[in-house]
């Protein structure tokens, strides 16, 4: 899922995201709550209409963003009190408030409010956060179900310019699914306990694995996926939150993961770094100055079809924003295509051999192998 934190995949239009082959987009409830406001998103037609995306959408509750505001927030059993990173204003986040925010925003899938802590936290801290996340899940579900029956609260009055189209004033909540989040740090027993608590508390349309890629090693991340794999149902999608480098996607699929999100493809694209089958390549390298070949042969994205390496490098050394947009588009397209290939390998019964070969090539490669990627 390309990440559209503020309701936009940074640098790209939703038409470009759709052309990449992406089927689902993520947005962030924390950021949309602060700006333009969850009630404003609802008044403007809901997240799909607001962003011009017609496919499925998911909203993260904002747990990671609150986690990152260590100096601006305090956590209690009731919820989180934090100050906006925008203007310093004081806000309250509780499971009930988060459900109302995500119901207003209107994504197809919404995440529970959970407590996220450092990936290398000890057993005691990890247990406390995991158990609190389970308690918060029950509160989220109660409020989610209440809104499903009673509808959303009426919108506040907004000042609308003369002759402007009216804003929405409905109270019914659109159909949405609530996903719980497995927590427990890097401690296998806690991960199992979290999964058991989640599965005993309801029939879920999907389940997420959170609290990874927050400071622990990759081997620890993969190990926790191996712990979760046998204890989570195979009949519902599994979502690994905040993980999205090419090799991590393959390793995740190997361990039963279906959904991924990460800001890496667009963020690295803006930095001039491109994903290729032979590892990452930095487009500012002087060796690309006179290179007329596509960035990656046989890649169908607009970056690779229409432009060559020399021009792409020129855009970056000239600090032109088009270069950032094109590489962001390539990286998103690369990951989407990679997942298409993984699905085809799974369907054809050849995933183990395909994934072994893919990872070996990717990890053995260096930026100098980019020419080889084109030659192949």
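FYI, it's all coordinate maths here, none of it is from the lab. Values in this document were obtained by computation on a predicted structure and should not be read as measured data. Here Cβ is always computed from backbone atoms with ideal geometry, including for glycine, and neighbour counts include all displayed protein chains.
Of the two radii for the stretch 1-43, the radius of gyration is 1.02 times the Kirkwood radius, both from the alpha carbons; that is the Rg over Rh value. Centre-to-centre, using Cα atoms only, the stretch 36-68 and the stretch 137-188 are separated by 10 Å. Please work out whether the stretch 40-93 counts as rounded, prolate or oblate from its C-alpha gyration tensor, where a ≥ b ≥ c are the square roots of the eigenvalues and a/c under 1.5 means rounded, while otherwise a/b larger than b/c means prolate and anything else oblate? Verdict is prolate for the stretch 40-93.
Computed over the alpha carbons of the stretch 21-71, Rg followed by Dmax gives 12.2, 39 Å. Ranked by the mean number of other Cβ atoms within 10 Å of their residues, highest first, the peptides 201-207, 47-53, 90-96 come out as 47-53, 90-96, 201-207. For the stretch 135-222, the spread of Cα coordinates along the three principal axes comes to 59, 29, 19 Å, biggest extent given first. Only Cα sites of the stretch 231-295 enter the Debye sum here, all with the same form factor; the resulting log10 I(q)/I(0) across q = 0.13, 0.15, 0.28 1/Å is -0.49, -0.60, -1.22, listed in q order. For the pair residue 89 and residue 192 in one chain, pulling the backbone fully straight at 0.36 nm per residue adds 33.2 nm over the alpha carbon distance.
Simple spin-label estimate for residue 297 and residue 125 gives 5.0 nm between the two label positions (7 Å along the Cα-to-Cβ direction from each Cα). The fewest-to-most ranking of 268, 57 by surrounding Cβ atoms within 10 Å reads 268, 57. Where both bridge residues fall in the chain, DSSP classifies roughly 40% of the beta bridges as antiparallel.
Put in order of Cβ neighbour count within 10 Å, fewest first, the listed residues 162, 168 become 162, 168. With coordinates expressed along the principal axes, the C-alpha atoms belonging to the stretch 188-333 extend over 60, 27, 24 Å, beginning with the largest. With the simple model of a label 7 Å out from the Cα in the direction of the Cβ, residue 76 to residue 341 spans 5.2 nm. Taking a ≥ b ≥ c as the square roots of the eigenvalues of the alpha carbon gyration tensor, the stretch 267-375 is prolate, as a/c is not under 1.5 and a/b beats b/c. The stretch 196-215 to the stretch 273-319: how many Å between their Cα centroids? When both Cα centres are located, 39 Å separates them. Would you please classify the overall shape of the chain from the alpha carbon gyration tensor, given that a ≥ b ≥ c denote the square roots of the eigenvalues, rounded means a/c under 1.5, and beyond that prolate means a/b larger than b/c while oblate covers the rest? Oblate. Cβ crowding within 10 Å, taken as a proxy for footprinting-reagent exposure, orders 193, 150 from fewest neighbours to most as 150, 193.
Helix-only arithmetic for the chain: the sum of -39500 (n - 2.57) across DSSP H runs with n ≥ 4, divided by the residue total, places the mean residue ellipticity at 222 nm at -13500 deg cm²/dmol.
For residue 138 and residue 217, the FRET efficiency from 1/(1 + (r/R0)^6), where r spans their Cβ atoms and R0 equals 51 Å, is about 0.95.
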